[in-house]
Amino acid sequence: MSVRVGEAAHAPDFPEAAKKAVADTQLRHNVRHATDVIRGKRAKVVGETPDWQELRESGRQIKDHVLRHLDFYLGQFEEACVRAGGHVHWARDADEANRIAVSILQAHAAREVIKVKTMTSDEIGLNAALAAAGITPYETDLADLIVQLGEDKPSHIVVPALHRNKMEIRRIFLEKMKLKELGYRPEDLANAARQYLREKFLRVKAAISGANFAIAETGSVCVVESEGNGRMCVSLPDLLISLVGIEKIIPAFQDLEIFLQLLPRSATGERMNPYNSIWTGVAPGDGPREFHVILLDNGRTSVLADEESRETLDCIRCGACLNACPVYRQTGGHAYGSVYGGPIGAILTPQLQSMEHSQSLPYASSLCGACYEVCPVKIDIPEILIHLRGKVVSQGDAPLSERLAMQAAAFALADSGRLSAAQKLARIAQWPFERDGVIQHLPGMLSGWTDVRDLPAVPPESFRDWWAKRKKREST
Amino acid sequence: MLISLFITCYNDTLFPNTGKAVVAVLEKLGHMVEFREAQTCCGQMHYNTGYQRQALPMMLHLLKVFQDAEVICCPSSSCVAMIRDHYPKMAAETGDPAIVEAANELLPRVFEFSELLVDKLGITDVGAFFPHSVTLHPSCHSLRSLHLNDKPLRLLNRVRGLELIDLPESDQCCGFGGTFAIKNAEVSAAMLSDKVHCVLETQAEICTAVDNSCLMHIDGALSRQRTGIRCLHIAEILAATESGENA
């Protein structure tokens, strides 16, 4: 089995990648601006929902229930989907899912395919697999199109081109769409994309979509979006393949009532998505004539096996935690080395890869808790980050210097006599570095602190020393 | 009331003035204060960095030290959050019912300093005098774990002479995050730079918080950049009187 999350297994460690991102002031400006706009919109539409906390709790409970009975609901989904005329395939990992998609397309002699709203296809590297089989994929979601034409990678799970500004997008369109001229207004850019995509919608006979939800009761698949390009993809072509992570299942149609309130408000700050497409199998004379669902595991069952962190799979990919995260807001998504960036990526990517790779990601957080606060399904991301840090340490993968420092600190903090001695020792050890009660330079890994910050020196008298003196004074 | 101090290891070592200020405020309000000298650390740094196994003996030690303390006051929201958010789970994982019970009994007796004043003692005016402009950085744990909300602000609002200035984007993390500041120094520094920018915008003389950890971080940059703005723990402001700022 080969679980693969994009190229995350070979990505540089987060601190190294983040260093580059933080130095890119234009990137930081773009990310800051975009996340500020979405956060503002989200806060407004969440604030006007009086039962928001109850909705969150409901969403959470439905998802938890599904995860506890996933075998049942997946079986139910398959049965219902097949009954409605769909085909269901099971893919253990990225390679298997890619093979299935390619073989379905080859059976239809498809040389081109239009795609919409599938982060999961980036997870399994589907575009590369299609290209290797001589099939050209066209992304049709505007942001995905910008990423594809720019030969770039998505940097946000809802707004994949969030790191690009208007001028950068204009440059990409001019060059890649081979346009002679193009205006500067957002309308001009949207119009160029429309012209470019319409031709594809009318010509290409096969499509691949992702899924926001897969409904077990009816075998339906649901995709929500803002542009209508998804609607074109799932209704115009003769052949439709939906790539669905096994955690996307919800039990019943009625559950959409909860999720279609939680998702748009959290994701884009809208009360409702402009386009909510839900389809069930095939219908004669309407929509695709052939419909396939690929149910993908790719490490999800191993996440499910860990009781302490399985709630990671509750995620509905709204991206609210990215917009709220002060770390993501400094670095953007690429630093996470995975299609899944931000706080949710920091817990999902290493788990999907069985904690073998991306071990720096659980540390890519100050544990400020902003992600948990906005999560529409109440995933306690800080708690899971700590749990995964524990795994990194217990696997013996933490740096030696850190392990020694932690051991020394644990020794010193074991009783008050040792703590007192350590305080005295620190006062002696700091003398080469201290000046007027301030330390400006420290060696080794501690230089990360003193490069830009002063550190207070250990003062001559600790609180416990002061207290002891005071007590002595009082008793005499 | 006899109030037992959990001063925390870094306040004890690096910020003894905070502890002295807590003693001054509580004694001024007519309470007895004790400091159990056997205390050390709550285990937060080890726990949050993934060294949960090494944090366990610190929890057991703390449970023993404060076993029979009636009310425990801690001038650090992140240490209180460590106790409230993680001790029950750590205790449960030992599988020892006596430890589970000790942890359960400890939790309702632990109060963060401003929480103790406002919730337990029902006081917002501690009779302080501090004629300076002050801005409050609401630390992440105080906001999102302890949900202190406006409690620190209510205390500061009643300090005579004090001009309170709102901090822009106040709910944003300063970038400290314990070992995060070392392990991800560049990102931490970028977050800090945004926080310092907001603090400077207030033109306040003093930046305060209920946590010295965040203040140490913010002050590290304010001091390096020679801004002249000082950081003071909220207890030190509440302990200030007309006869002298350091009570």
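The values are calculated or read from the model by the stated rules, or taken from the named source; none is laboratory data. Given the structure is predicted, the values throughout are model-derived calculations rather than measurements. Here the Cβ positions follow ideal geometry from the backbone for every residue, glycine too, while neighbour counts run over all protein chains shown.
Within region B:27-58, restricting attention to residues that are touching a Cys at 6+ places or on another chain (Cβ under 7 Å) and part of a helix (DSSP H, G or I), the residue that is farthest from the other protein chains (Cβ to nearest Cβ) is B:Gln44.
Taking B:Thr8 as the residue in question, decide whether it is more than 9 Å from every other protein chain (Cβ to nearest Cβ), within 13 Å of the chain's Cα centre (by Cα) and touching a residue at least 24 places away in the same chain (Cβ under 8 Å). The answer is yes for B:Thr8. Scanning region B:139-170 for residues that are in a loop (DSSP other than H, G, I, E, B) and closer than 30 Å to A:Glu402 by Cβ yields B:Ser139, B:Leu146.
Scanning region A:388-402 for residues that are in contact with a Pro (Cβ under 9 Å, 6 or more places away or on another chain) and either over 27 Å from B:Arg144 (Cα atoms) or more than 9 Å from chain B (Cβ to nearest Cβ) (or both) returns no hits.
Within region B:97-133, restricting attention to residues that are polar (S, T, N, Q) and closer than 27 Å to B:Thr202 by Cα, which residue is farthest from the chain's Cα centre (by Cα)? Please lay out each step first, then the result.
First pass over region B:97-133, keeping only residues polar (S, T, N, Q): B:104, B:114, B:124, B:133.
Narrowing further to those that are closer than 27 Å to B:Thr202 by Cα: B:114, B:124, B:133.
Working: B:Ser114: 9, B:Thr124: 17, B:Ser133: 21 Å.
Going through the qualifying residues, I end up with B:Ser133.
Name the one entry in A:Ala335, A:Ala364 that is farther than 25 Å from A:Lys117 by Cα, within 12 Å of chain B (Cβ to nearest Cβ) and crowded, with 24+ Cβ neighbours inside 10 Å. Before you say what the answer is, go through the steps one by one.
Numbers: A:Ala335 fails: farther than 25 Å from A:Lys117 by Cα.
Of A:Ala335, A:Ala364, the one residue that is farther than 25 Å from A:Lys117 by Cα, within 12 Å of chain B (Cβ to nearest Cβ) and crowded, with 24+ Cβ neighbours inside 10 Å is A:Ala364.
Of the helices (runs of 4 or more DSSP H) entirely within region A:286-362, those holding at least 1 residues that are under 30 Å from B:Glu169 (Cβ atoms) occupy A:320-324, A:328-331, A:342-352.
Within region A:437-476, the set of residues being part of a helix (DSSP H, G or I), polar (S, T, N, Q) and within 44 Å of the chain's Cα centre (by Cα) comprises A:Ser447, A:Thr450.
Of all residues in region A:117-140, which are in contact with a Cys (Cβ under 9 Å, 6 or more places away or on another chain) and more than 20 Å from A:Asn298 (Cβ to Cβ)?
At the first step, the residues of region A:117-140 found to be in contact with a Cys (Cβ under 9 Å, 6 or more places away or on another chain) are A:117, A:140.
Answer for region A:117-140, where residues must be in contact with a Cys (Cβ under 9 Å, 6 or more places away or on another chain) and more than 20 Å from A:Asn298 (Cβ to Cβ): just A:Thr140.
Among the residues of region B:59-91, those that are more than 10 Å from chain A (Cβ to nearest Cβ) and either part of a loop (DSSP other than H, G, I, E, B) or among the charged types (D, E, K, R) (or both) comprise B:Lys64, B:Phe66, B:Gln67, B:Asp68, B:Ala69, B:Glu70, B:Pro75, B:Ser76, B:Arg84.
Anything in region A:27-52 that is loosely packed, with under 11 Cβ neighbours inside 10 Å and assigned to a helix (DSSP H, G or I)? List them, or say none. Please lay out each step first, then the result.
So in region A:27-52, the residues loosely packed, with under 11 Cβ neighbours inside 10 Å come out as A:47-48, A:50-51.
Listed by number, the list holds a single entry, A:Gly47.
The residues of region B:7-26 that are closer than 18 Å to A:Arg418 by Cβ and not in a helix (DSSP H, G or I), listed by number, are B:Ile7, B:Thr8. Tally up the residues in region B:171-210 that are part of a loop (DSSP other than H, G, I, E, B) and either under 18 Å from A:Gln330 (Cα atoms) or within 12 Å of chain A (Cβ to nearest Cβ) (or both), please. Of the residues in region B:171-210, 10 are part of a loop (DSSP other than H, G, I, E, B) and either under 18 Å from A:Gln330 (Cα atoms) or within 12 Å of chain A (Cβ to nearest Cβ) (or both).
What strands (runs of 3 or more DSSP E), lying completely within region A:156-249, carry at least 3 residues that are closer than 16 Å to A:Asp141 by Cβ and touching a strand residue (DSSP E or B) at 6+ places or on another chain (Cβ under 8 Å)? Before you say what the answer is, go through the steps one by one.
Details: elements: A:206-209, A:213-215, A:220-225, A:239-245.
Ranges flagged: A:206-209, A:220-225, A:239-245.
What residue, of A:Ala206, A:Ala214, is out of contact with any Phe, Trp or Tyr (no Cβ under 9 Å at 6 or more places or on another chain), in the same structural domain as A:Phe259 (by TED's automatic domain parsing), closer than 20 Å to A:Glu290 by Cα and modelled with pLDDT of 95 or more? Write out each step before concluding.
Numbers: A:Ala214 fails: out of contact with any Phe, Trp or Tyr (no Cβ under 9 Å at 6 or more places or on another chain).
Testing whether each residue is out of contact with any Phe, Trp or Tyr (no Cβ under 9 Å at 6 or more places or on another chain), in the same structural domain as A:Phe259 (by TED's automatic domain parsing), closer than 20 Å to A:Glu290 by Cα and modelled with pLDDT of 95 or more leaves just A:Ala206.
Screening region A:422-445 for residues that are crowded, with 18+ Cβ neighbours inside 10 Å and within 9 Å of chain B (Cβ to nearest Cβ) and picking the one that is nearest to B:Ser193 (Cα to Cα) gives A:Gln423.
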